[in-house]
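We did not get these values from a lab; they are worked out from the coordinates using the rules stated. Quick caveat: nothing in here was measured; it's all calculated off a predicted structure. Here Cβ is always computed from backbone atoms with ideal geometry, including for glycine, and neighbour counts include all displayed protein chains.
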Amino acid sequence: MKSAVKKWTLGVSALAAILTCVNAQARDDALMMPVADVLSEYKDRLDPSVSFYFGEQSYPAPAKKMGEFVSNKKTNAFNKSDEEACKWVMLSALLQMQERALAEGGNAVVDIRSYYKKKEVSSETEYECHAGNIMAGVALIGRVVKLD
């Protein structure tokens, strides 16, 4: 009986050690990355009929407002630099916002803010990306409008 308890205790100790190592290696770094890099690098992937306005950038008065929408995207960051993973997941979030704008009859997404875990970060030049060992994520919130 003592032998079985001893083995069980050793097993639990080993599992605890493994979980501690896994948690020690877990990463969720909040990075502020330049919006311009994504817009220029992937301009051929974005529909030019939809405009994006970040933070408090000025834009023409909207003819119609369609509502506020959220995009929350994740991507595989394994074997990618944080910069590469963040750009890729930001593109994915922008494409989702673009699709929503077109579906609603809009031609712009304005007042775009980072919205990771529902925490708003507003910037005209940067977006928030969370990078980890295996995943990267970007969440955005913005208003879809029809500009004249």
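Just a few scattered comments:
- Note on ILE141, ILE134, ILE112: ascending count of other Cβ atoms within 10 Å places them as ILE134, ILE141, ILE112, the fewest first.
- Eligible aspartates and glutamates near LYS146 by straight Cα distance, threshold 16 Å, same-chain separation 8 or greater: ASP47, GLU68, GLU99, GLU104, ASP111
- Applied to the range 31-36, the Karplus parametrisation 6.51 cos²θ - 1.76 cosθ + 1.60 on θ = phi - 60° returns per-residue 3J(HN,Hα) values of 10, 9, 10, x, 4, 4 Hz, with x for Gly and Pro.
- The distance linking the range 39-106 with the range 125-141 is 13 Å (Cα centroid to Cα centroid, whole angstrom).
- Charge dipole (Cα centre; +1 on Lys/Arg Cβ, -1 on Asp/Glu Cβ; no other charges) of the range 28-147 amounts to roughly 520 debye.
- Compared with the alpha-carbon gap, the fully stretched path from ALA63 to SER40 is longer by 5.5 nm at 0.36 nm per residue.
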